[in-house]
Amino acid sequence: MSKWKIALAMSLAFGCVSVISAQENSATVPKVLQVTREYVKAGRVGLAHEKTETAFVEAFRKANWPTNYIGMTSLSGRSRALFLTSYATFEAWEKDNAAIARNPELSSAIDKAEMADGDILDSLDQMVFYYDKDLSLNPKSDLAPMRFYEFTSFQIKPGKESEWREVVKMAKGGYEKGMPDAHWGMFSLVYGGTEAGGEYVAITGHKSLAEVDRGFAEGKKFQEAMGDEGMKKLDAMFADCVSGTSQTLFAVNPHMSYVSEDWIKSDPSFWEGKSSAASMPTTSSSHEQQPAQR
């Protein structure tokens, strides 16, 4: 298969793919997505990391903090954890951080948790993404049933932004025609990048990994909708404007996530259960990450 077929036909075909703020119940997708990525020292992955992350969850829960987040652990690539927080605006992010700073009890609890967490981390980095409505297709607002997430990144060649947008526009037409149930959310990296050119990430939520199976099984519908000439044109345009792609798969970890009471009530066996989603194929839910200090 071509890079494009792998990158979009498989990873973007199923699931809801937008991260929705806990403060908002509308279908509006918050613009700002803050991502913290933690690499854990060898031998400290699993329960050891889960234990240090629980301290953050307990601190926010005790403070009844309004900003929620999702924690998840990798099922592919180098072992790592991601924490996702979304905000309606950058101003909302600023206000959230300022409110934490004015809360001495919460700030102290976070500092203590960060010290314990830092002892088992090999490295940590943070990135900020901005939601691109024009490059997204029918994003859904209910992420509570999602248990797994795919992240597909696209590195855009310098000066090829407009061509990239045309590529996605063409692909959207193919999905609308051949796979009308497809949904995805596209985010551009605005802070934290190191490469020349632009970077975009498509986030795909899955209720179970059976949806990935269906993606592979039904991927031909996209190709059929595009037609042979359409696929040739799409592949050529893709190769002209994209220098590289990568895909990673993550499982939501309920013990590392601080989610709303509504989410917990929707599936208490998952969010309050003793088993971890990081152990693999179950079902899980996802949402946002905690404040920027995480």
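The values are calculated or read from the model by the stated rules, or taken from the named source; none is laboratory data. Treat the numbers as computed from the prediction; the structure is a model and nothing was measured. Positions of Cβ are generated from backbone atoms using ideal geometry, with glycine treated the same way; all protein chains shown enter the neighbour counts.
Results for (1) surrounded by fewer than 16 Cβ atoms within 10 Å (Cβ to Cβ); (2) not β-branched (Val, Ile, Thr), shown as yes or no for each residue.
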{"residue": "Thr67", "(1), (2)": "no, no"}
{"residue": "Ile70", "(1), (2)": "no, no"}
{"residue": "Ser76", "(1), (2)": "yes, yes"}
{"residue": "Leu84", "(1), (2)": "no, yes"}
{"residue": "Phe129", "(1), (2)": "no, yes"}
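Look through Leu189, Leu234, Leu135, Leu143 and report the one residue that is in a helix (DSSP H, G or I), buried (at least 20 other Cβ atoms within 10 Å of the Cβ) and in contact (Cβ under 8 Å) with a residue 40 or more places away in the chain.
Working: Leu189 fails: in a helix (DSSP H, G or I); Leu135 fails: in a helix (DSSP H, G or I); Leu143 fails: in a helix (DSSP H, G or I).
Selected residue: Leu234, the only one of Leu189, Leu234, Leu135, Leu143 that is in a helix (DSSP H, G or I), buried (at least 20 other Cβ atoms within 10 Å of the Cβ) and in contact (Cβ under 8 Å) with a residue 40 or more places away in the chain.
Please enumerate the residues belonging to segment 152-163 that are surrounded by fewer than 22 Cβ atoms within 10 Å (Cβ to Cβ) and either in contact with a Pro (Cβ under 6 Å, 6 or more places away or on another chain) or not basic (Lys, Arg) (or both).
Filtering segment 152-163 for residues surrounded by fewer than 22 Cβ atoms within 10 Å (Cβ to Cβ) gives 153, 155, 157-163.
Within segment 152-163, Ser153, Gln155, Pro158, Gly159, Glu161, Ser162, Glu163 meet the criteria.
Being farther than 30 Å from His49 by Cβ and either free of Cβ contacts under 8 Å to residues at least 12 places away in the same chain or out of contact with any Phe, Trp or Tyr (no Cβ under 9 Å at 6 or more places or on another chain) (or both) narrows it down to one of Glu166, Glu105, Glu94, so name that one.
Glu166
In segment 237-257, which residues are touching a strand residue (DSSP E or B) at 6+ places or on another chain (Cβ under 7 Å), surrounded by 20 or more Cβ atoms within 10 Å (Cβ to Cβ) and either closer than 30 Å to Gly159 by Cβ or modelled with pLDDT under 95 (or both)? Walk me through how you get there before you give the answer.
Of all residues in segment 237-257, those touching a strand residue (DSSP E or B) at 6+ places or on another chain (Cβ under 7 Å) come to 241-253, 256-257.
Filter again for surrounded by 20 or more Cβ atoms within 10 Å (Cβ to Cβ), leaving 241-242, 250-253, 256-257.
Once the filter is applied, which keeps residues that are touching a strand residue (DSSP E or B) at 6+ places or on another chain (Cβ under 7 Å), surrounded by 20 or more Cβ atoms within 10 Å (Cβ to Cβ) and either closer than 30 Å to Gly159 by Cβ or modelled with pLDDT under 95 (or both), segment 237-257 yields Cys241, Val242.
Given (1) more than 24 Å from Ser162 (Cα to Cα); (2) in contact with a helix residue (DSSP H, G or I) (Cβ under 7 Å, 6 or more places away or on another chain); (3) crowded, with 20+ Cβ neighbours inside 10 Å, identify the lone condition not met by Phe222.
(1)
Those residues that are of a type in the set (D, E, K, R) and either out of contact with any strand residue (DSSP E or B) (no Cβ under 9 Å at 6 or more places or on another chain) or over 15 Å from Phe129 (Cβ atoms) (or both), I need them from segment 164-200; list them, please.
Keep residues of segment 164-200 that are of a type in the set (D, E, K, R), which gives 165-166, 169, 172, 176-177, 181, 195, 199.
Selection gives Arg165, Glu166, Lys169, Lys172, Glu176, Lys177, Asp181.
Answer yes or no: is there a residue in segment 126-139 that is more than 25 Å from Ala88 (Cα to Cα), touching a strand residue (DSSP E or B) at 6+ places or on another chain (Cβ under 7 Å) and among the hydrophobic types (A, V, I, L, M, F, W, C). Even if it seems obvious, please write down each step before you answer.
If we filter segment 126-139 for residues that are more than 25 Å from Ala88 (Cα to Cα), which is where we start, we get none.
No.
Could you tell me whether any residue of segment 205-226 is in a strand (DSSP E or B), within 24 Å of Trp93 (Cβ to Cβ) and either without any contact (Cβ under 8 Å) to a residue 24 or more places away in the chain or touching an Asp or Glu at 6+ places or on another chain (Cβ under 9 Å) (or both)? Talk me through it step by step, then tell me what you get.
Here is the first cut: in segment 205-226, the ones in a strand (DSSP E or B) are 205-206.
From the residues that got through so far, the ones that are within 24 Å of Trp93 (Cβ to Cβ) too are 205.
From what's left, either without any contact (Cβ under 8 Å) to a residue 24 or more places away in the chain or touching an Asp or Glu at 6+ places or on another chain (Cβ under 9 Å) (or both): 205.
Yes, that holds for at least one residue.
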